[in-house]
Amino acid sequence: MFSTCVNGGVFLKVIIAEYAGFCSGVKRAVQLAEDSLEKQPIRSLGPLIHNSQEIARLQRLGIHSGDEEILSQTSEKGEAVLIRSHGVGPQIIAELKDRGWHVIDATCPYVKKAQKLAQEALKEGYQVIILGNKEHAEVKGLRAWTKDTAIVVASWEDLKDINLPPKVAVLAQTTEKEAKFNELVSYLQGILDEVKVLKTICTATQQRQKAAQELATKVDLMLIIGGRHSSNTNKLWQICKSLNVNSHLIEEVGEMNPEWLKNKEIIGITAGASTPAWIIKEVVMIIEENNEKEVGIIEEQIDVNSNDDLLELKSFNPGDVIKGKVVKINAEEVLVDIGGKSEGIIPLEELAYKRVDPKEIVSEGQEISVEVLNEDKDGNIVLSYKKAQIEELLDKLEQAKESGEIITAPVIEIVKGGILVDVGIRGFVPASQVDRNFVADLNQYLNQELRMKVLELDRSGRKAVLSQRAVLEEEYQKIKGEVWEQLKEGQVRQGKVMRIATFGAFVDIGGIDGLLHVSEMAWGHISNPAEVVAEGDEIEVIILKIDPIKQKISLSLKGLIKNPWENAIEKYPIGKIVTGRVVRVAPFGAFIEVEPGIDGLAHISQLSQNRVSNVEEVLSVGQTVEAKVIENDPVKKRLSLSLKEIATDIEKVEYENYLGKREESSGVTIGEILKEIGQKL
Ligand code: SF4
């Protein structure tokens, strides 16, 4: 990557070192932040980068950073917060989500891989040891993935006084030195039976230093761009100076001195990890502007005019999943352009789990994901397509699990205790996670598409546990808030009976469930709610009461029906003979329903002209009888009935009829007969 200027046959060549500037992890984080800005305002949890000019640029774009204060704040509008490339522990992500933040995870894939390995090692029962700086954000985050159980050491010597269990897993902060890590591994292998070595060191820093070192030997001026307090920039400067090449460290273009350029033929440029491409580009432009010679040719290996410039140069580590373009398909292998010096190779056995014609799987020109396996003896990068597919899928599921993203998958089988869904791997939805309410028959879901959240993911076992209920619950809570605002006591709403209990029914009135108590189902006596409603019934209900504190709503059906007591005085005047059904007997009398909602009481003393000691001698439940209204109090909702009076009235009429005949024959009046009876008494 170089630009060349010509003047009168004299070339001024500017060479930009490989791997100069942002590493891929930092570049990815900045890119994600800028992309997200298009949708919403964004803040980063901690500074995205240690470069004041880049920070100023990001702030101008609207990307601000915050730290602890974000963790203590609640985001009302679901603003976005970006997790920078260092990563954080799972608790912090969960806490941010709980507080309503939309989390964008820009954790560097290398760091992510280290987090995963540490977490898995803990699950497998290893004591995790991390080589690194315990105050560094990446190490704090890594340790959090081991539930804060990992031991952090700055070198193997820190372990001398620690009693270790027989089984340890060891990994390093991604920017640690390989040699230091190897020392630690050797020490552990010397004292323990089982040492699991997890390769987590990222080679970005080494590659940047190696490239700067190589370039410094070929140029007569080296410009090192980066922060004066940045250790990796200073290291680059040291390397260049140690090679006796004329070297200058500059933080920004304003520090460039045109004198440095005089009589130079080849100028090399490298940059620290926090230096964005646009600053490198500015330096190149200043060199061109301050070059009095005529510029003849500009030739670049890296396009400094592009945003995708320096960082598109690839380095490959085993286990990396990268994108590439299929350039050739042979009978035994597939060649893929992965942006390296030469094409990567997918051997046939790494294309699919069974032997197939490669053209059935990929086609020339197709962009695919591949996993880096190793380098063969000829220096070719060996790739696996099949592993990348499963890894890509597992990554997507893991991301969905962390972000709470909803995924859709078909139900393939109903099994004991739940449902199996096809999410690319075996997904299990426990019965309790199928719906917000209990589902008696899961077969209704067979072949249906479910929208679910990932609850658990077992990468090594390739299994996931999912929940449709979590999605429904979240939607329910959202709707609940909106519907809650609209509700008023006395309001009539359309509802659907969701569940029946012994004491009533739960009715969905537009996203919220209210209780329709059995006593509110009808004016008459209901012993079982199922007599009135069934699950799934669409009904109209009236809101009786809203309790916003307990979040409870009481509903009524009978409130929509006219109260029968309202005209009971006209319908049931004293003396009226009514027909009713015995609905209940008690030791003191029987309740007779004269219409739904009006039960009259026939007291035991009013059941017969004869003395009654047990109500059931005279009446039984379900029996239809005639009775006379002897009292009607609509205020107290009391209707007193008498069977005895009917019998007495009949006798009286019969007696009157009889006396009428006697009067006719003897001329004696009824009054005289009663008087006669009274005297006898
Ligand atoms: S792990 Fe490597 S690529 Fe990732 S942020 Fe750190 S230095 Fe950059």
Roughly how many whole Å is it from the C-alpha centroid of segment 133-194 to that of segment 374-418? 29
In vacuo Debye sum over C-alpha of the chain, base-10 log of normalised intensity I(q)/I(0) at q = 0.07, 0.11 Å⁻¹, listed in q order, is -0.70, -1.24
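Restricting to DSSP loop positions (anything but H, G, I, E, B) with no more than 15 other Cβ atoms inside 10 Å of their own Cβ, which trypsin sites (Lys or Arg not before Pro) remain in segment 246-283? Don't jump to the answer; show the numbers that get you there.
Numbers: sites: Lys262, Lys264, Lys281; in loops: Lys262, Lys264.
In loop regions of segment 246-283 (DSSP not H, G, I, E or B), the sparsely surrounded trypsin sites (Lys or Arg not before Pro) are Lys262.
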The answer for Ile16, listing residues at least 5 apart or on another chain whose modeled amide H is closer than 5 Å to its amide H, is Phe2, Ser3, Ile269
Could you go through segment 574-590 in sequence order and give the Karplus-derived ³J(HN,Hα) for each residue, using 6.51 cos²θ - 1.76 cosθ + 1.60 with θ = phi - 60°, rounded to whole Hz, and x for Gly and Pro? 4, x, 6, 8, 10, 10, x, 10, 6, 9, 7, 10, 9, x, 9, x, 10
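Per residue, how large is the accessible surface of segment 24-105? Use a 1.4 angstrom probe and give square angstrom. Write out the running numbers ahead of the final one.
On the way: 4000 Å² over 82 residues.
Computed with neighbouring chains in place, this is 49 Å² per residue.
Report, for the chain, the % of DSSP beta bridges that are antiparallel, rounded to 5.
Roughly 65 percent of the beta bridges in the chain run antiparallel, per DSSP.
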Which of the trypsin sites (Lys or Arg not before Pro) found in segment 573-655 are in a DSSP loop and have at most 16 neighbouring Cβ atoms, other than their own, within 10 Å? Lys576, Arg611, Lys636, Lys637
With a cut-off of at most 13 other beta carbons within 10 Å, and DSSP calling the residue loop, which GluC sites (Glu not before Pro) in segment 10-117 qualify? Please list them. Glu38, Glu76
Can you work out ³J(HN,Hα) from phi for every residue in segment 227-240, in order, using Karplus 6.51 cos²θ - 1.76 cosθ + 1.60 and θ = phi - 60°, giving whole Hz and x for Gly and Pro? x, 5, 9, 7, 5, 6, 5, 4, 4, 4, 5, 4, 4, 5
Can you tell me the orientation of helix 52-61 relative to the chain, as the angle in degrees between its alpha-carbon axis and the longest Cα principal axis, to the nearest 10? 40
Would you mind getting the accessible area per residue of segment 566-648, heavy atoms of the protein chains only, 1.4 Å probe, in Å²? 54
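In the chain, what percent of the accessible surface is made up of carbon and sulfur (1.4 Å probe, ligands and nucleic acids excluded)?
On the way: 17670 of 35800 Å².
On the chain, the fraction of accessible area on carbon and sulfur atoms equals 49 percent.
How much area per residue is accessible in segment 110-197 when the probe is 1.4 Å and only protein heavy atoms are counted (Å²)? Can you show the working numbers first?
Numbers: 4300 Å² over 88 residues.
Here the residues of segment 110-197 average 49 Å² of exposed surface.
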How much length, in nm to one decimal, is gained on full extension between Ser72 and Arg228, taken as 0.36 nm per residue of separation minus their Cα-Cα distance? 52.8 nm
Quick query: amide H of Asp67 versus all other amide H atoms, modeled in the peptide plane; which residues come in under 5 Å with a sequence gap of 5 or more or a different chain? Gly46
Taking Cα atoms, the helix 277-289 axis meets the longest principal axis of the chain at an angle in degrees (rounded to 10) of 30
How high is the relative contact order of the chain, in percent, counting Cα pairs under 8 Å that sit 6 or more residues apart? 8
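Run lengths n ≥ 4 of DSSP H only: what is the helix-derived mean residue ellipticity at 222 nm for the chain, with -39500 (n - 2.57) per run over all residues, to the nearest 500?
Details: 16 runs with 191 residues, N = 681.
The helix-only estimate for the chain comes to -8500 deg cm²/dmol at 222 nm.
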For segment 494-501, just list the computed ³J(HN,Hα) in residue order, Karplus coefficients 6.51, -1.76 and 1.60, θ = phi - 60°, integers in Hz, with x standing in for Gly and Pro. 7, x, 10, 6, 9, 7, 10, 10
Output row, site Glu531, 7 Å Cα→C-beta label point, backbone N cut-off 18 Å, window segment 578-596, residues 580-586, 590-596
Of segment 464-483, those with amide N under 19 Å from the point 7 Å along the Cα→Cβ vector of Thr408 are 466-476
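The values are calculated or read from the model by the stated rules, or taken from the named source; none is laboratory data. What you see is a predicted model; the values in this text were computed from it and never measured. No Cβ is skipped: glycine too gets one built from the backbone with ideal geometry, and neighbour counts run over all protein chains shown. Accessible surface areas use protein heavy atoms only, side chains included; no ligands, DNA or RNA. Shrake-Rupley method; radii C 1.70, N 1.55, O 1.52, S 1.80 Å.
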